[in-house]
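Reading through the structure tokens given below for one structure.
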Amino acid sequence: MMSEVLIPISFFLAIFGVVYLYLSTRNKERLALIEKGADASIFMSGKNNTSPIWKVLILNIALLLMGIGVGVFLSGLLVMMGMDDDIAQPGTIFLMAGIALFVGFFMTKNLDKA
């Protein structure tokens with residue numbers, strides 16, 4: 001009975017510990033660099049060339065949903081042609097969703113170039 005409570009609590013404590021250590025270490029590194037006279041602009045380097053995260057997220061979600069829709073449509077066609085629906089539906093949906101995410105990866109790379 002006690003393990004039902006301890007497992008979720010320990011899971012969230014572990015996540016909190018990792019995030020806390022990451023943020024505190026990053027803060028200490030930055031303070032040490034500033035104390036040594038480093039320019040604060042070094043913390044912003046590399047962020048000018050990337051596109052905003054919301055554009056990448058919307059692009060990948062849209063392509064994933066379109067891939068799932070095409071997968072459902074194609075699986076319906078395969079079932080109508082006589083294929084077993086237990087095989088055709090999940091296989092086609094996952095295949096088309098994977099292809100859509102793969103296309104989204106390359107479109108995201110092109111989005112960063114523009």
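The values are calculated or read from the model by the stated rules, or taken from the named source; none is laboratory data. None of these values were measured; they are calculated from a predicted model. Cβ coordinates were reconstructed from backbone atoms using ideal geometry, including for glycine residues, and neighbour counts include every protein chain displayed. These area figures cover heavy atoms from the full protein model, side chains too; ligands, DNA and RNA do not enter into them. Shrake-Rupley method; radii C 1.70, N 1.55, O 1.52, S 1.80 Å.
Tabulated values for the structure
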item	result
Pairs with Cβ under 8 Å, 6+ apart, first in the range 65-77 and closer than 13 Å to Gly91 by Cβ, second open to solvent by 70 Å² or more (accessible area, probe 1.4 Å) and among the basic types (Lys, Arg)	none
Checking Phe106 against (1) within 14 Å of the chain's Cα centre (by Cα); (2) exposed (fewer than 12 other Cβ atoms within 10 Å of the Cβ), the condition it does not meet	(1)
Qualifying residue in the range 36-43 (condition: of a type in the set (A, V, I, L, M, F, W, C), within 28 Å of Lys113 (Cβ to Cβ) and within 27 Å of the chain's Cα centre (by Cα))	yes
Inter-residue pairs, beta-carbon under 7 Å, first under 11 Å from Leu64 (Cβ atoms) and touching a residue at least 24 places away in the same chain (Cβ under 8 Å) and in the range 99-114, second assigned to a helix (DSSP H, G or I) and open to solvent by 80 Å² or more (accessible area, probe 1.4 Å), 6+ apart	Ala100/Met66
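Per-residue answers, yes or no, for (1) assigned to a helix (DSSP H, G or I); (2) modelled with pLDDT of 85 or more; (3) in contact with a Lys or Arg (Cβ under 8 Å, 6 or more places away or on another chain); (4) not aromatic (Phe, Trp, Tyr):
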{"position": "Leu6", "(1), (2), (3), (4)": "yes, yes, no, yes"}
{"position": "Phe16", "(1), (2), (3), (4)": "yes, yes, no, no"}
{"position": "Asn27", "(1), (2), (3), (4)": "yes, yes, no, yes"}
{"position": "Gly37", "(1), (2), (3), (4)": "no, no, no, yes"}
{"position": "Asn48", "(1), (2), (3), (4)": "no, no, no, yes"}
{"position": "Ala62", "(1), (2), (3), (4)": "yes, yes, no, yes"}
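The rows are residues; the columns are (1) open to solvent by 60 Å² or more (accessible area, probe 1.4 Å); (2) not hydroxyl-bearing (Ser, Thr, Tyr).
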position: Phe16; (1), (2): yes, yes
position: Asn27; (1), (2): yes, yes
position: Ala32; (1), (2): no, yes
position: Ser51; (1), (2): no, no
position: Asn60; (1), (2): no, yes
position: Val79; (1), (2): no, yes
position: Phe94; (1), (2): yes, yes
position: Leu101; (1), (2): yes, yes
position: Asp112; (1), (2): yes, yes
